[in-house]
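A.B. asks: One structure follows; several queries about it will come next.
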Amino acid sequence: MRVLAKFLRNIGIAAVLILLVIVCNPLVVTSAREYSMIVQFGKVVRVEDTAGLSLKIPFLQTVQKIPRYKMIADLYPSDVTTKDKKVMTVDSFVIWEITDPVKYLSSLSASREKAEVRLGNVVYNSIKNVLSSTNQSDIISGRDGELAQIITDNIGTSMDSYGIRIHAVETKKLDLPDSNKEAVYQRMISERNNIAAQYTADGEYQSSLIKNETDKTVKETIAKANAEAEKIKAEGEARYMQILSEAYNDESKADFYNYVRSLDALKASLTGENKTIILDGDSELARILSGN
């Protein structure tokens, strides 16, 4: 019995010692993904931001852990009005990080829920300010990241007082409200049809100008070609007459020319089946045929 009692007493002492070690553990274990804030009497006395072991005063000091990595806050969808008075629904999220754990603890009580509420307000105000000064068409065309960057830049350092840094604001959805989406689509279709009709009218007008100019050029070219042809023809006839004049510039040649022309005239008159010609005896052709 004495041995058993002694054994139980030793176990009790060991348990008390283990409990004291657990309660009074002076070790602080800090990982690379967190801040360890040493708090004494409700005041932060030290911040451990390097991964490893450190010490605290048992009973007097406690440890508050703060995340040290980038987090994502999913914001509630909200409606905003653009510069041209178009309502759009924005569904976005923000990537943020705690950079000053002391400010974060003092201003937001190290509550992630409070931080995300504050982030939602700041991001919404930035989105509203940016979109209210931008036309809907520019918002739609800026979905390649430019618009998100402008919204992020517009926030600036407004969250520094909370020990928070905003890395990026991204939009998951940027669209028209369901209530007026169909009406806006129809209006956009009508506007595009009007633009297409204007382009068609401009194209037809330009086509008519080009066609008229081409027809005018063709007519002028043909007229010049005809005038040139008539000129060449007249020059040819003049040259022909000059050659004839030079060829028959004496009486014997002239008689021969008249003889040939008379034969040509006789040949031209012998058409059809009737080959009979009645000539006046005094005619030039009768004298040629008779040899007189």
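A.B. asks: Considering the range 121-136 alone, what residues qualify as being part of a helix (DSSP H, G or I) and in contact with a Ser or Thr (Cβ under 9 Å, 6 or more places away or on another chain)?
C.D. replies: Kept after step one, since they are part of a helix (DSSP H, G or I), are these residues of the range 121-136: 121-132, 136.
Passing the criteria: Val122, Val123, Tyr124, Asn125, Ser126, Ile127, Lys128, Leu131, Ser132, Gln136.
A.B. asks: Identify, from the list Val29, Val102, Val94, Val39, the residue that is open to solvent by 50 Å² or more (accessible area, probe 1.4 Å) and either modelled with pLDDT under 90 or part of a strand (DSSP E or B) (or both).
C.D. replies: Values: Val102 fails: either modelled with pLDDT under 90 or part of a strand (DSSP E or B) (or both); Val94 fails: open to solvent by 50 Å² or more (accessible area, probe 1.4 Å); Val39 fails: open to solvent by 50 Å² or more (accessible area, probe 1.4 Å).
The unique qualifying residue is Val29.
A.B. asks: Among the residues of the range 158-181, is any without any contact (Cβ under 8 Å) to a residue 24 or more places away in the chain, open to solvent by less than 80 Å² (accessible area, probe 1.4 Å) and of a type in the set (Val, Ile, Thr)?
C.D. replies: no
A.B. asks: Return the only residue of Asp91, Asp49 being among the charged types (D, E, K, R), under 18 Å from Ile166 (Cα atoms) and touching a residue at least 12 places away in the same chain (Cβ under 8 Å). Full working, then the answer.
C.D. replies: Working: Asp49 fails: under 18 Å from Ile166 (Cα atoms).
After ruling out the rest, the residue left standing is Asp91.
A.B. asks: Okay, moving on. Determine, yes or no, whether Ile195 is surrounded by 10 or more Cβ atoms within 10 Å (Cβ to Cβ), without any contact (Cβ under 8 Å) to a residue 60 or more places away in the chain, within 30 Å of Ile140 (Cβ to Cβ) and not hydroxyl-bearing (Ser, Thr, Tyr).
C.D. replies: For Ile195, the condition - surrounded by 10 or more Cβ atoms within 10 Å (Cβ to Cβ), without any contact (Cβ under 8 Å) to a residue 60 or more places away in the chain, within 30 Å of Ile140 (Cβ to Cβ) and not hydroxyl-bearing (Ser, Thr, Tyr) - is met.
A.B. asks: Given the structure, is Ile72 modelled with pLDDT of 90 or more, of a type in the set (A, V, I, L, M) and on the phi < 0 side of the Ramachandran plot? Walk me through how you get there before you give the answer.
C.D. replies: Details: modelled with pLDDT of 90 or more: yes; of a type in the set (A, V, I, L, M): yes; on the phi < 0 side of the Ramachandran plot: yes.
When the stated conditions are applied, Ile72 passes them.
A.B. asks: Just checking, does the range 53-72 include any residue being part of a strand (DSSP E or B) and under 28 Å from Asp175 (Cα atoms)? It would help to see each step written out before you state the result.
C.D. replies: To start, the set of residues in the range 53-72 that are part of a strand (DSSP E or B) comprises 53-55, 61-67, 71-72.
Now restrict to residues that are under 28 Å from Asp175 (Cα atoms): 71-72.
Yes, there is a match, as at least one residue in the range 53-72 is part of a strand (DSSP E or B) and under 28 Å from Asp175 (Cα atoms).
A.B. asks: How many residues are at pLDDT 85 or above and either not in a helix (DSSP H, G or I) or not small (Gly, Ala, Ser) (or both) if we restrict to the range 195-238?
C.D. replies: 30
The values are calculated or read from the model by the stated rules, or taken from the named source; none is laboratory data. Keep in mind the model is a prediction, meaning the values are calculated, not measured. Here Cβ is always computed from backbone atoms with ideal geometry, including for glycine, and neighbour counts include all displayed protein chains. Surface accessibility is based on the protein's heavy atoms, side chains included, excluding ligands, DNA and RNA. Shrake-Rupley method; radii C 1.70, N 1.55, O 1.52, S 1.80 Å.
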